[in-house]
Amino acid sequence: MKIYQNTNEPIYKQIAAQFREQILTGQLQGGDPLPSIRALAQDLRISVITTMKAYEELSAEGLVTATKGKGYFVNAQDAQLLAEQHMRQLEEHLTDAIYSARIAGMGLDEVQQTLAALWDMDI
Amino acid sequence: MKNVIEIKGITKHYKDFTLGGVDAVIPCGFTTALIGVNGAGKTTLIDILCGVTGKSGGEALYFGEMRDIDDPALRDRIGYCSSMNFFPPNWTLKTIADSMELGFDNFDRARFTELCRRFKLGDPADKKQKNLAKLSDGNRMRTYLAAVLSRDTELLVLDEPASSLDPLARDMLCDLFREYLAERDGERSVLFSTHNISDMENVTDYAVFMSHGKVIAQGFVEDLKQSYQLVHGDAAQAAKAKPLMMTFSGNATSFEGIALAAQADKLRALDTAVEAPTLQQLSVGLLRKAEQDE
Amino acid sequence: MNKTLTLSQAVKLYTGSSIGRLTVKFTGLLFAQTCLTTLIFAVIGWAEGKTDRISDFVSLIFLVSLMLAHMFLLGGHLFPRSVPGGKFFRSTKEGFAGYQKMRTGVLLVSILILVLSFGGMYLLNMAVPIGTNAAAYVILLIVSLYMISFLNFLQMLPNEGLANILRITALTLTGIFSAGLFTVQRVEWWHWLAGAVALLLVPLSHLILLRHYRKYFWNT
């Protein structure tokens, strides 16, 4: 987990963002436990309230649930939601690609050809 | 949220200093910092909470169920340590181990030996023992910490533990707190006092600010950082900004201070930089304001 | 585990030493010093042919040394909060109860020293003819018991300077008037009565002192 201590972005938001990504990309599945708030605080060398706040934010978004005495667990994610998340990412990446294509002076046909070639490769 | 200590109206009258009434809560499962300048009453409050000094009035509720600090069962659950002269200077690791064993039910000699080894203090079982007086301040404090951490307690109460430690050792102290809390996840708490919070910021969950014997503010650090904001600006805006701020310090070129979050929008409209303060900046602001108000 | 401290454990907690060790240490010192003095005076006395007054000097020195030993013993185990270790002791599980046991243990040591020393002196008297009779020892023992109670009561004086003056005065008076004690040939009934009172006064003064200490010094 990558945390920037000295930027303006609150640490708890950074932690929440990284877990959020892991959950929405399926790296963390429904039912998976999150590290305990104190164990995570110990590993990241930050305060317990920071990890707790990060988890609370995720919980408010419906991504995780706190089970009394057992800690936080990932909620089974809506397949639709996951798909939407990935579609958004696709759009973002495609926008970047179009931007790069314009700089390189590539036309739509050339871009589509490159896409087709990559699609067939084993990624 | 459970509280490990609820303090109601605790007072103590000395000839030239009065503590109180102190009203505060120490939340369970977290690290709480008691912040104030020297002479604010932190040591007196901590000593009273641990039964080392008697109080003149008020009461404290511990672990949600115990009220009498003279109850041996309660004392066994609390791990108290002062920063200086905690043990007599002619004591050695061995005498400390012997006395700790007699003084409490939950002292673990094996753990003490292990901590002494980890802190590079020596071996309590050695034939030749060194007097505490011969150690440096830092090593003496480490010895005290080794002793108190060798007990299986539920509340660690340390009076200025960081004062005699260098930055590296303070960092280690932060790790020790996290380790202590994680070992009994949620059931242990730490309370420590300090006059300089900067090295201990990233382990502090809850802060209680004291000035002139009273509590002037308290809260979870994340909440405090949202309730109070750090404001910077140019001298040109100083006059307009000052009435909106809680503390203010300015010179010919710029100004800076702490303001309540409610004023943040108005302050931003004046073309100032408004951001969350560090706990250190917040402490300075709150304590300075308390001094001015006195 | 719900153990409470024994007297000896309480003493060990505070001093790192046990009741036995403290007794041996102080009695040993006292006895060694008295033997030395006896020897010196015996030699002087024999040299000058005045063997009948040796015991007076020896007993006088013994009594004064005993008083000093008790002052150091009883006064040296106070452990106020301001002294290093004071806060640790006050945070222990038993708190004042443990302190009380330690002080009682130290008092026990002082009584033991008294008994052993007098026993030792009596044996010395038999081994080296210095002319004191058994009656004088009984009187001296009774006086010593009163001295312990007296020292206990002195500790309750708020003015430390005054307390010290009284201690020195008591030492001096004992020195001056003890001579008269040695001429006693027989223990009278009222001596025994005074002795019984002295014996009762010791634990009484101790308890009163501790209650006073708890109220005014322990936690303030």
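The values are calculated or read from the model by the stated rules, or taken from the named source; none is laboratory data. From a predicted model like this one, the values you see are computed outputs, not experimental measurements. Don't worry about glycine lacking a Cβ; one is built from the backbone with ideal geometry, like all the others, and counts go over all protein chains shown.
Kindly evaluate A:Gln85 against the criterion of being farther than 15 Å from A:Pro33 by Cα, surrounded by 11 or more Cβ atoms within 10 Å (Cβ to Cβ), touching a helix residue (DSSP H, G or I) at 6+ places or on another chain (Cβ under 6 Å) and modelled with pLDDT under 85. Here the answer is yes, as A:Gln85 does meet what is asked. Counting just the residues of region B:190-203 that are more than 10 Å from every other protein chain (Cβ to nearest Cβ) and not hydrophobic (A, V, I, L, M, F, W, C), which one comes out surrounded by the most Cβ atoms within 10 Å (Cβ to Cβ)? Top of the filtered list is B:Ser193.
If we keep just the residues of region C:26-36 that are surrounded by 20 or more Cβ atoms within 10 Å (Cβ to Cβ) and under 12 Å from C:Ile61 (Cβ atoms), which is farthest from the chain's Cα centre (by Cα)? Per the stated criteria, the residue is C:Thr34.
Just one of the listed residues (B:Arg111, B:Arg140) is more than 23 Å from B:Asp166 (Cα to Cα) and either at pLDDT 90 or above or loosely packed, with under 15 Cβ neighbours inside 10 Å (or both), and it is B:Arg111.
Remark: pairs (first residue in region B:270-294, part of a strand (DSSP E or B); second residue surrounded by fewer than 16 Cβ atoms within 10 Å (Cβ to Cβ); Cβ separation under 7 Å; 6+ apart in sequence or on different chains) = B:Ala273/B:His232; B:Val274/B:Arg268; B:Glu275/A:Asn8. Could you please let me know if B:Ala241 is touching a helix residue (DSSP H, G or I) at 6+ places or on another chain (Cβ under 7 Å) and in the same structural domain as B:Gly41 (by TED's automatic domain parsing)? Answer is no for this residue. Evaluate region C:142-156: report whether one residue or more is away from chain B (no Cβ under 14 Å), buried (at least 16 other Cβ atoms within 10 Å of the Cβ), in contact (Cβ under 8 Å) with a residue 12 or more places away in the chain and in contact with a Gly (Cβ under 6 Å, 6 or more places away or on another chain). Yes. Of the listed requirements (1) at positive phi; (2) free of Cβ contacts under 8 Å to residues at least 24 places away in the same chain; (3) out of contact with any strand residue (DSSP E or B) (no Cβ under 9 Å at 6 or more places or on another chain); (4) not polar (S, T, N, Q), B:Gly186 misses just one: (2). Filtered by the rule that a residue be within 21 Å of A:Ile15 (Cβ to Cβ), modelled with pLDDT under 85 and surrounded by 10 or more Cβ atoms within 10 Å (Cβ to Cβ), region A:64-80 gives a lone residue, A:Gln77. Of the residues screened, B:Leu102 is not one that is assigned by TED's automatic domain parsing to the domain that holds B:Glu183, under 17 Å from B:Phe177 (Cβ atoms), at pLDDT 95 or above and out of contact with any Asp or Glu (no Cβ under 8 Å at 6 or more places or on another chain). Determine whether B:Asp175 is within 29 Å of B:Leu19 (Cα to Cα), part of a helix (DSSP H, G or I) and without any contact (Cβ under 8 Å) to a residue 40 or more places away in the chain. The answer is no for B:Asp175. For the criterion of being facing chain B (nearest Cβ under 10 Å) and either part of a helix (DSSP H, G or I) or of a type outside the set (D, E, K, R) (or both), C:Gln9 passes. Say we look at region C:11-70 and pick out the residues that are of a type in the set (D, E, K, R) and modelled with pLDDT under 80; which of these is nearest to C:Gly95 (Cα to Cα)? The extreme case among them is C:Asp56.
Applying the selection to region A:27-50, what residues are surrounded by 18 or more Cβ atoms within 10 Å (Cβ to Cβ), more than 19 Å from the chain's Cα centre (by Cα) and over 16 Å from B:Arg184 (Cβ atoms)? Correct list: A:Ile46, A:Ser47, A:Ile49.
Among residues belonging to region C:98-122 that are within 14 Å of chain B (Cβ to nearest Cβ) and either farther than 30 Å from B:Leu49 by Cα or not hydroxyl-bearing (Ser, Thr, Tyr) (or both), point out the one that is nearest to the chain's Cα centre (by Cα). Step by step, filter region C:98-122, then rank; the result is C:Gly105.
Of the helices (runs of 4 or more DSSP H) that lie entirely inside region A:1-111, those containing 1 or more residues that are more than 26 Å from B:Asp223 (Cβ to Cβ) and of a type in the set (Lys, Arg) span A:79-104.
Comparison of C:Leu73, C:Leu39 shows that the only residue that is surrounded by fewer than 15 Cβ atoms within 10 Å (Cβ to Cβ) and assigned to a helix (DSSP H, G or I) is C:Leu39.
Of everything in region B:239-271 that is surrounded by 21 or more Cβ atoms within 10 Å (Cβ to Cβ) and among the small types (Gly, Ala, Ser), the residue that is farthest from B:Arg288 (Cα to Cα) is B:Ala241.
Does region B:153-170 include one or more residues that are surrounded by fewer than 14 Cβ atoms within 10 Å (Cβ to Cβ) and aliphatic (A, V, I, L, M)? Yes; the residues of region B:153-170 include at least one that is surrounded by fewer than 14 Cβ atoms within 10 Å (Cβ to Cβ) and aliphatic (A, V, I, L, M).
Per-residue answers, yes or no, for (1) among the charged types (D, E, K, R); (2) not in a loop (DSSP other than H, G, I, E, B):
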{"position": "B:Ala182", "(1), (2)": "no, yes"}
{"position": "B:Gly186", "(1), (2)": "no, no"}
{"position": "B:Val190", "(1), (2)": "no, yes"}
{"position": "B:Asn196", "(1), (2)": "no, no"}
{"position": "B:Asp199", "(1), (2)": "yes, yes"}
{"position": "B:Phe209", "(1), (2)": "no, yes"}
{"position": "B:Ala217", "(1), (2)": "no, yes"}
{"position": "B:Asp223", "(1), (2)": "yes, yes"}
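Table: residues versus (1) within 12 Å of another protein chain (Cβ to nearest Cβ); (2) under 30 Å from C:Phe41 (Cα atoms); (3) small (Gly, Ala, Ser); (4) in contact with a Gly (Cβ under 9 Å, 6 or more places away or on another chain).
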| position | (1), (2), (3), (4) |
| --- | --- |
| C:Leu66 | no, yes, no, no |
| C:Leu74 | no, yes, no, no |
| C:Lys87 | yes, no, no, no |
| C:Lys93 | yes, no, no, yes |
| C:Phe96 | yes, no, no, no |
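Evaluated against (1) more than 30 Å from B:Ile69 (Cα to Cα); (2) at pLDDT 75 or above; (3) buried (at least 17 other Cβ atoms within 10 Å of the Cβ), C:Arg103 falls short on exactly one condition, (1). If you go through region B:226-238 one residue at a time, do you hit one that is away from chain A (no Cβ under 14 Å), assigned to a helix (DSSP H, G or I) and charged (D, E, K, R)? No, every residue in region B:226-238 fails to be away from chain A (no Cβ under 14 Å), assigned to a helix (DSSP H, G or I) and charged (D, E, K, R).
Tallying residues that are surrounded by fewer than 16 Cβ atoms within 10 Å (Cβ to Cβ), more than 15 Å from C:Pro158 (Cα to Cα) and either touching a Phe, Trp or Tyr at 6+ places or on another chain (Cβ under 6 Å) or within 14 Å of chain B (Cβ to nearest Cβ) (or both) within region C:191-220 yields 0.
Return yes when B:Gly219 is assigned by TED's automatic domain parsing to the domain that holds B:Arg77 and either small (Gly, Ala, Ser) or under 17 Å from the mean Cα position of the chain (by Cα) (or both) and no when it is not. No; evaluated as a whole, the condition is false for this residue. Just to be sure, is A:Lys53 over 22 Å from A:Gly69 (Cβ atoms), within 11 Å of chain B (Cβ to nearest Cβ) and out of contact with any Leu (no Cβ under 9 Å at 6 or more places or on another chain)? Spelling it out, it is not the case that A:Lys53 is over 22 Å from A:Gly69 (Cβ atoms), within 11 Å of chain B (Cβ to nearest Cβ) and out of contact with any Leu (no Cβ under 9 Å at 6 or more places or on another chain).
When B:Ala238, B:Ala259 are screened for being at pLDDT below 90, at negative phi and touching a Phe, Trp or Tyr at 6+ places or on another chain (Cβ under 8 Å), only B:Ala238 passes.
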